[in-house]
Each structure stands twice: as structure tokens, then as C-alpha cells.
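The values are calculated or read from the model by the stated rules, or taken from the named source; none is laboratory data. Note that the structure is predicted; figures quoted are calculated from it, not measured. Cβ coordinates were reconstructed from backbone atoms using ideal geometry, including for glycine residues, and neighbour counts include every protein chain displayed.
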Amino acid sequence: MPAPAAKYTAERILWKHHWTDRLISFRLSRDPAFRFTPGQFARLGLQISETGFVWRAYSIVSASWDDYLEFYSIVVPEGEFTPRLARLEVGDQILVDKTPNGFFTTDRFPDGKDLWLLATGTALGPYLSILHETAVWQRFRHIVLVHSVREAAELSYQAEIAALRQHPLWAEHGHKLQYLPVVTRETLPGTLSQRIPAMLADGSLERAAGVTLSPERSRIMICGSPQMVEDTHRRLKSMGYALSRLSAPAQLALENGW
């Protein structure tokens, strides 16, 4: 059943980019009333019949102050939503639920010195939104962005990540960002090659970043495949980290990327 019209707006595709044959980014027009906190997700809808709709949750990539909404998606050939999404063009319509959702935000952390952003695949998306918040750059001494993919072609948004350091709103803090790309199924100079949990276990992630992990100073966000999130959470838990909750703020925030 379609959602009541009062609960969503009909937006248009403004821009679309294919990183690979299975990875796309797209921007939608943004209703002026839509507000979100970086790290949250929006529910997007496509009409598949006269009365049928299909909805999926997508983390928002764009800044909270952009006049558009950007999203990053993998195309699942057998899926109900993404094959249709991949065929859409600029000007086509996508529905956007008026209410953003999610608690994968930096305001759930108590004060710390270092912010670690660990992602696989398209789970990079919410971190790009978070890194467009001036307060994040002011709050932390070091920011370590780790993006793990299987193949080098999947290392999307590299130019945009590099440009973050020179953004005029926080250029004085740009040196704080460490970007660590990880490619697990190819050998690529300048990248790491092990899975994130393995690099946490042997200390190679800390060495690559030049930043020491500790529950006292580190605040860690984990987003990606369910297996990566589970394995990384288990590893960090064994190292003394705890999941942050509203009633008990701590060091970890988790979200499955699909």
C-alpha cells in the first residue's frame, strides 16, 4: 500500500553518476522543510504499479545545508528497488519520506579526542555527510576515515574526500583528516589490504593512521556489511570498547549498511 501523500514529497533526480556498473550516486531535489542530522537516513520510494510502491532506506551523503539530497547506492541485479533506480534518468521522480530516521550520529558520543569512521562499500555515504559539519572538525583532534572495498574501482568519492581538507569552513582543521583506503581483492599501491577487524587485531590500522586507539580517547563509528559490523564490534568489545546508548554514552556507534 502506498504511504499517505502527506508523509512524502515527490522529488526529481537532478544529477546521476555511475562509478561502476554496480555503484551509482544521485542527487534529488530537496523539499525546503526536510531537515536531518548528518548520519541519518531517508526512506526513498518508487512506484511500481498503479497502486504499488516499494521503499528503501538510504543514508544521506550530502551536507545538512545543501539544497539537494545525495545518495550512494549499490545496484543489486535481482533486487526489487535498485534495478529500477539504475534505469532512472535526470528529471525522473523519486518519493522521499518527510521524516529522516536513525541515530548513527556523532552527538551520541561523550567527548573524545579522535573520531574513527570505519566503512565498507556504500556505507561510506553517511560519513561524507558527517564530514561536512564544521563542529566535527572542531571537536576532534584526529579524524580517521577508513573505506574498505573489494576492488580498486570501488574507491568512490576520492576527489571529494581530498577536497574536504581545503573546505573554507574548516580549512584550518583540514590536517586532522586521515583517509585510509582498503582494497581486499587486488594489490594497489598506497592502500591497505586486510579486512578491518584483522587490522584492528594486529595493530596495522593504528600504525597506518599514526593514531593510537584507546577507549579513553577514541570514538568509533562502524557502518557496512553486517558481517564486517559484527566482526569489528566483537573485536573492539574485546579491546574494552562499549556500544554507546542514550542512557549510557560510550565509544561505539554501529549501523548495517544494508
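Restricting to segment 216-238, count the residues that are surrounded by 14 or more Cβ atoms within 10 Å (Cβ to Cβ), touching a strand residue (DSSP E or B) at 6+ places or on another chain (Cβ under 7 Å) and either free of Cβ contacts under 8 Å to residues at least 12 places away in the same chain or not in a strand (DSSP E or B) (or both). Number of matching residues: 7.
Evaluated against (1) outside the structural domain of SER225 (by TED's automatic domain parsing); (2) within 17 Å of the chain's Cα centre (by Cα), PRO77 falls short on exactly one condition, (2). Residues that are surrounded by 14 or more Cβ atoms within 10 Å (Cβ to Cβ) and touching a residue at least 60 places away in the same chain (Cβ under 8 Å) number at least 3 in the following strands (runs of 3 or more DSSP E) confined to segment 1-76: 8-18, 23-29. Scanning segment 90-109 for residues that are under 21 Å from the mean Cα position of the chain (by Cα) and surrounded by fewer than 15 Cβ atoms within 10 Å (Cβ to Cβ) yields a count of 4. Screening GLU172 with (1) surrounded by 16 or more Cβ atoms within 10 Å (Cβ to Cβ); (2) part of a helix (DSSP H, G or I) gives one miss only, at (1). Take the conditions of a type in the set (Gly, Ala, Ser), surrounded by 12 or more Cβ atoms within 10 Å (Cβ to Cβ), part of a helix (DSSP H, G or I) and touching a residue at least 24 places away in the same chain (Cβ under 8 Å) and apply them to ALA208. Does it pass? Judged against the criteria, ALA208 is a match. Just to be sure I understand, how many residues within segment 175-205 are part of a helix (DSSP H, G or I) and closer than 29 Å to ALA135 by Cβ? Matching residues across segment 175-205 total 6. Test VAL136 against the criterion of being in a strand (DSSP E or B), closer than 25 Å to TYR72 by Cα and either in contact with a strand residue (DSSP E or B) (Cβ under 9 Å, 6 or more places away or on another chain) or not aromatic (Phe, Trp, Tyr) (or both), and give yes or no. No; evaluated as a whole, the condition is false for this residue. For segment 139-163, filtered to residues that are within 14 Å of the chain's Cα centre (by Cα) and assigned to a strand (DSSP E or B), the residue that is nearest to ARG217 (Cα to Cα) is VAL144.
Tell me, which residue of segment 93-117 that is of a type outside the set (Val, Ile, Thr) and touching a Gly at 6+ places or on another chain (Cβ under 6 Å) is nearest to LYS16 (Cα to Cα)? Step by step, filter segment 93-117, then rank; the result is LEU95.
Among the residues in segment 86-94, are any touching a strand residue (DSSP E or B) at 6+ places or on another chain (Cβ under 9 Å), at positive phi and assigned to a loop (DSSP other than H, G, I, E, B)? Working first, answer last.
Residues of segment 86-94 that are touching a strand residue (DSSP E or B) at 6+ places or on another chain (Cβ under 9 Å), as a first pass: 86, 88-94.
Adding the requirement that they be at positive phi leaves 91.
Now drop any that are not assigned to a loop (DSSP other than H, G, I, E, B), which leaves 91.
Yes, there is a match, as at least one residue in segment 86-94 is touching a strand residue (DSSP E or B) at 6+ places or on another chain (Cβ under 9 Å), at positive phi and assigned to a loop (DSSP other than H, G, I, E, B).
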